[in-house]
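Asker: First, the structure itself, so that you have it in front of you.
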Amino acid sequence: MGLSLTYKILKEHLLEGELKAGNEIGIRIDQTLTQDATGTMAYLQFEAMGIDKVKTDISVSYVDHNTLQMGFENADDHKYLQTMNSKFGIYHSKAGNGICHQVHLERFGKPGKTLLGSDSHTPTGGGIGMIAIGAGGLDVAVAMGGGPFYLTCPKVINVKLSGKLRPYVSAKDVIIKVLEILTTKGNVGCIVEYTGQGIDTLSVPERATITNMGAELGVTTSLFPSDEVTKKFLSAQNRESDWKELLPDSDAFYDRIIEIDLSTLEPMASCPHSPDNVKKVSELAGMKIDQVAVGSCTNASFKDMMTVAGILKGKKVSPDISFIVAPGSKQVFEMIARNGALADIIASGARIMESTCGFCIGSGQAPQTGGISVRTNNRNFEGRSGTKDGQIYLVSPETAAVTALEGKFTDPTTYPASEFPKFEMPESFLVDDSLVIKPSLNGDIFRGPNIGEPPFTEPLMDSFKGIIGLKVADKITTDHIMPAGARLKFRSNIPAYANYVFEGVDASFAKRSLEAKSKSLYTAVVAGLSYGQGSSREHAAICPMYLGVRLVIAKSFERIHSANLINFGILPLYFVNEADYDSFAQGAEFEIKNLRSAVESGSKEIQINISGKNYMLKMDFSERQRKILLDGGLLNYTKKVQK
């Protein structure tokens, strides 16, 4: 049988391993991206490796998360980023230029290339036929230094699209439908590849919406072919030379095929507090809402803004709600300002926000206590909005716009199809890269007082004792582990940021863990299914490591977080018998013996003693991961390999 597009690109970039599903492989990375919430630590780690210049085709550093400069910390970090980027050959996209995934799609992404980003929504690049993968900052730093990126050779799920979307039904409804089918669990080690005649009807921004929110499936990435639609988009960005046709073989093999008829889809919503808690908008119709927010890397393209402006034109939003709109990039912002669409949005009663992640990461615009907020972003985890009991619903821009007008959940297909705003992709976008600073390869690096050094772990010990510091249930996200929003200002200061580990789950966790560490007792965390969902923020591993966490024992882990734990010397271990989860009590003492020798020998199981009783835990590490754990983390391992 023929090759999927996924395997064609992986084959071209393969450096180590065999292209066989389930094997660990190492691939060459062509491009990297970082954002300011994860980038500072990634670049500190890159500096620690002693490499004089990035080795990729292009690496871009974006400032898009913490652009509110309340206090000196964010401003200092941004200055560090710009000066460090210039010296080491990294392009720097300044605050105001836009959200990393939106801008990278517009200005840097290339079909057939590999992109590794220190943000979990890096798969947005799959909208133009890239293998674009989110990872921890340390993995990105290694890739910038020319090292391979290691992943599990994937199974490929083919989502075959047919038909055409009806008016008021959008790409967001497609990916929410896929989430309803596949859910957020059980897709680790897979890539989703979209094919079928239906893809011809989807523009690049629509495809990018689908691949962006595909991150919530827990897959490695998602991608579309590079075809005439892709060529038209890149040509309009004055980048036609970056285009090449990339298609799967006609007889390509797929591990699973899902068929979706676009013409049958209805407006969908992801309900609190998980993207796969799906209902039709028609089932929610009439529910009073408090806030509507349009934007984020999922739905802030020129197409999205023009659609929203067209629906709002000449109308006023409900006086009972707060309505927020944030264009995804400077390009989009300026284009809608020049053509009058921005004026229509403002006239409707919208508040216009900067082109940043903003409300999506809980950086401003938190809803009222218990408020119902309808948003176009990709995640609705509990507390992520900045309001712990906020009720966040994820919808399309079309649904968001009509809901804002009505002040209650409204199915947009109840509006006349004849009134749906017609939109054609422009023949040329406004191109202005003046906020992208090219590297000079010289100059001094600015370091403010909030910027520390990346912490190192000691090599893996053979035996140690500790305490189960926390026991949690299923679907613990990286936002549960490390709060975002205002707390992100400490991202460069691990001792300070570590004070907030599990803040919203158990506010005393950090203090207890440090007290145990002072007594030479290490901490274990016990969890249920899908531990580590969500953001690629490696701080959710670095900060627990700093507190003395050395084991996380769970029923299952999500890909990026599991890799981050290993990168910082924390062992992700599985229950051999999941029923044992009930016997692991918070506060219980544990002892683990012969751990180093078990990891060194490649053993698949290790015994742990909990309060005098023995249990078996499963270890699932590749040979490379075992070496990383033995050395106490990827930074130690990389420095050792380079000597």
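The values are calculated or read from the model by the stated rules, or taken from the named source; none is laboratory data. None of the values given here were measured: they were computed from a predicted structure. In this analysis, Cβ positions are derived from the backbone assuming ideal geometry, glycine residues included, and neighbour counts consider all displayed protein chains.
Asker: State whether the residues of the stretch 174-192 include one that is within 30 Å of PHE429 (Cα to Cα) and charged (D, E, K, R).
Answerer: no
Asker: Then there is this: Does LEU105 count as under 25 Å from GLU398 (Cβ atoms), part of a loop (DSSP other than H, G, I, E, B) and aliphatic (A, V, I, L, M)?
Answerer: Considered against the rule, which asks whether it is under 25 Å from GLU398 (Cβ atoms), part of a loop (DSSP other than H, G, I, E, B) and aliphatic (A, V, I, L, M), LEU105 comes out as no.
Asker: Considering only the stretch 422-446, state which residues are surrounded by 12 or more Cβ atoms within 10 Å (Cβ to Cβ) and more than 25 Å from VAL103 (Cα to Cα).
Answerer: Across the stretch 422-446, the qualifying residues are GLY443, ILE445, PHE446.
Asker: Same structure, new question: Answer yes or no as to whether ILE352 is at pLDDT 95 or above, of a type outside the set (Asp, Glu), within 22 Å of CYS297 (Cβ to Cβ) and under 30 Å from the mean Cα position of the chain (by Cα). Reasoning before the result, please.
Answerer: On the way: at pLDDT 95 or above: yes; of a type outside the set (Asp, Glu): yes; within 22 Å of CYS297 (Cβ to Cβ): yes; under 30 Å from the mean Cα position of the chain (by Cα): yes.
For ILE352, the condition - at pLDDT 95 or above, of a type outside the set (Asp, Glu), within 22 Å of CYS297 (Cβ to Cβ) and under 30 Å from the mean Cα position of the chain (by Cα) - is met.
Asker: For the stretch 325-347, how many residues meet the condition of being surrounded by fewer than 22 Cβ atoms within 10 Å (Cβ to Cβ), touching a residue at least 24 places away in the same chain (Cβ under 8 Å) and closer than 14 Å to ALA293 by Cα?
Answerer: Of the residues in the stretch 325-347, 0 are surrounded by fewer than 22 Cβ atoms within 10 Å (Cβ to Cβ), touching a residue at least 24 places away in the same chain (Cβ under 8 Å) and closer than 14 Å to ALA293 by Cα.
Asker: When the stretch 222-253 is examined, which residues are found to be among the small types (Gly, Ala, Ser) and in contact with a Lys or Arg (Cβ under 8 Å, 6 or more places away or on another chain)?
Answerer: Matches in the stretch 222-253: SER226 only.
Asker: For residues in the stretch 217-230 being without any contact (Cβ under 8 Å) to a residue 40 or more places away in the chain and touching a helix residue (DSSP H, G or I) at 6+ places or on another chain (Cβ under 7 Å), which is surrounded by the most Cβ atoms within 10 Å (Cβ to Cβ)?
Answerer: Among those residues, the one meeting the criterion is LEU217.
Asker: Being under 17 Å from the mean Cα position of the chain (by Cα) and buried (at least 24 other Cβ atoms within 10 Å of the Cβ) is the filter; apply it to the stretch 381-398 and report the residue that is nearest to PRO205 (Cα to Cα).
Answerer: In this case the residue turns out to be LEU394.
Asker: May I ask you to list pairs of residues, at least six apart or on different chains, whose Cβ atoms are under 7 Å apart, with the first in the stretch 305-323 being in contact (Cβ under 8 Å) with a residue 12 or more places away in the chain and of a type in the set (Ser, Thr, Tyr) and the second being surrounded by 17 or more Cβ atoms within 10 Å (Cβ to Cβ) and in a strand (DSSP E or B)?
Answerer: If the second residue must be surrounded by 17 or more Cβ atoms within 10 Å (Cβ to Cβ) and in a strand (DSSP E or B), the pairs left are SER322/GLN291.
Asker: Turning to a different aspect of this structure: GLY214: of a type outside the set (Asp, Glu), on the phi < 0 side of the Ramachandran plot, under 19 Å from the mean Cα position of the chain (by Cα) and buried (at least 22 other Cβ atoms within 10 Å of the Cβ), yes or no?
Answerer: yes
Asker: Looking at the stretch 487-511, which of its residues are of a type in the set (Gly, Ala, Ser) and surrounded by fewer than 16 Cβ atoms within 10 Å (Cβ to Cβ)? Give the steps one after another, and end with the answer.
Answerer: Going residue by residue through the stretch 487-511, those that are of a type in the set (Gly, Ala, Ser) are 492, 496, 498, 504, 507-508, 510.
The answer is GLY504, ALA507, SER508.
Asker: Going through the stretch 150-178 one residue at a time, which ones are closer than 26 Å to MET305 by Cβ, of a type outside the set (Val, Ile, Thr) and crowded, with 23+ Cβ neighbours inside 10 Å?
Answerer: Once the filter is applied, which keeps residues that are closer than 26 Å to MET305 by Cβ, of a type outside the set (Val, Ile, Thr) and crowded, with 23+ Cβ neighbours inside 10 Å, the stretch 150-178 yields LEU161, TYR168, SER170, ALA171, LYS172, ASP173.
Asker: Restricting attention to the stretch 454-463, report how many residues are loosely packed, with under 13 Cβ neighbours inside 10 Å and charged (D, E, K, R).
Answerer: Here the count works out to 1.
Asker: Residues that are within 28 Å of ASP255 (Cα to Cα) and either outside the structural domain of PRO148 (by TED's automatic domain parsing) or of a type outside the set (Asp, Glu) (or both): find the strands (runs of 3 or more DSSP E) completely inside the stretch 1-67 holding 3 or more of those.
Answerer: Answer list for the stretch 1-67: 24-27.
Asker: Looking only at the stretch 517-531, which residues are of a type in the set (A, V, I, L, M) and either touching an Asp or Glu at 6+ places or on another chain (Cβ under 6 Å) or assigned by TED's automatic domain parsing to the domain that holds VAL188 (or both)? So that I can check it myself, show each step before the final result.
Answerer: In the first step, residues of the stretch 517-531 are kept if they are of a type in the set (A, V, I, L, M); the result is 521, 524-527, 529.
Correct list: LEU529 only.
Asker: Which members of the stretch 585-607 meet the condition of being within 14 Å of VAL526 (Cα to Cα) and over 31 Å from the mean Cα position of the chain (by Cα)?
Answerer: ALA585, GLY587, ALA588, GLU589, PHE590
Asker: Would you call LEU514 modelled with pLDDT of 95 or more, surrounded by 22 or more Cβ atoms within 10 Å (Cβ to Cβ) and under 22 Å from SER463 (Cα atoms)?
Answerer: Details: modelled with pLDDT of 95 or more: yes; surrounded by 22 or more Cβ atoms within 10 Å (Cβ to Cβ): no; under 22 Å from SER463 (Cα atoms): yes.
It is false that LEU514 is modelled with pLDDT of 95 or more, surrounded by 22 or more Cβ atoms within 10 Å (Cβ to Cβ) and under 22 Å from SER463 (Cα atoms).
Asker: Tell me, yes or no, whether the stretch 521-539 has at least one residue that is part of a helix (DSSP H, G or I) and either buried (at least 17 other Cβ atoms within 10 Å of the Cβ) or in contact with a His (Cβ under 6 Å, 6 or more places away or on another chain) (or both).
Answerer: Residues of the stretch 521-539 part of a helix (DSSP H, G or I): 539.
Still in the running and either buried (at least 17 other Cβ atoms within 10 Å of the Cβ) or in contact with a His (Cβ under 6 Å, 6 or more places away or on another chain) (or both): 539.
The answer is yes, given that some residue of the stretch 521-539 is part of a helix (DSSP H, G or I) and either buried (at least 17 other Cβ atoms within 10 Å of the Cβ) or in contact with a His (Cβ under 6 Å, 6 or more places away or on another chain) (or both).
Asker: Would you check which residues across the stretch 577-604 are part of a loop (DSSP other than H, G, I, E, B) and aliphatic (A, V, I, L, M) and list them? Even if it seems obvious, please write down each step before you answer.
Answerer: Of all residues in the stretch 577-604, those part of a loop (DSSP other than H, G, I, E, B) come to 577, 584-588, 593-594, 602-604.
Selection gives ALA585, ALA588.
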